[in-house]
1. Students often check this: by mean Cβ neighbours within 10 Å, which of 92-101, 64-73 ranks highest, and how do the rest follow?
2. So, R0 is 25 Å and r is the distance between the beta-carbons of D177 and A58; what FRET efficiency does that work out to, to 0.05?
3. Per 10 Å bin, what is the whole-percent P(r) computed from every C-alpha pair distance within region 74-187?
Amino acid sequence: MGRRTVFVLLVTVLATSAVGTALAARTSNGAGTVGWGRRTSAPAPAASEASSARITSAQTIRTVWRVGTFKQFDIGAPGVTAGDSYVFAGPLYDQTDTERIGFMSGNCVLAAPHFHGLATCTVTATPHLEAPSPAFGDQITLQGWNDDTPYPFKQAITGGTGIYQNVRGDVLAEPGDPFRITFRLLP
């Protein structure tokens, strides 16, 4: 399950990278980091305030993701079997790995554990930390296969909320310490 952990981290890094880059580009007021992300003096947006899609041209966002939480679940027969799962979460940093800009979390279910630990994963990245919780931020969602090999992998950007409501594209995750995540956003 060690390789799966690396893959989960990689997926998380990819999502985190995109979120971090977007936040770095949007927030630069120098406010201190608190809790899961960046605190600003601006109040959280009201639920009635609708964000309009702002992705009008292709964008590349490079980020760094660091594992904060990782938990494996042995479902069914003891040992590594189909249906086992894992969850992960952690902060996203700008591409220089110096400023915390977002948050990324996800879950994966093993589909073919004896074929390179093949799992199907769903990931959410929140690039804007102006709100009191990642749940209030503009989100990018990812989905795709993950395995336990040490090679870079891609996942599809399946949508988003707020300024990312029209987004599509893919994410390239590069395993390492830390993970490098590149979001390639298309309108």
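1. Details: 92-101: 20.4, 64-73: 17.4.
Top to bottom by mean Cβ count within 10 Å: 92-101, 64-73.
2. 0.25
3. Computed distribution, short to long bins: 14, 41, 32, 12, 1.
Only the coordinates and a few stated rules stand behind these numbers; no lab work does. Treat the numbers as computed from the prediction; the structure is a model and nothing was measured. Here the Cβ is made from the backbone with ideal geometry for all residues, glycine too, and neighbour counts use every protein chain on show.
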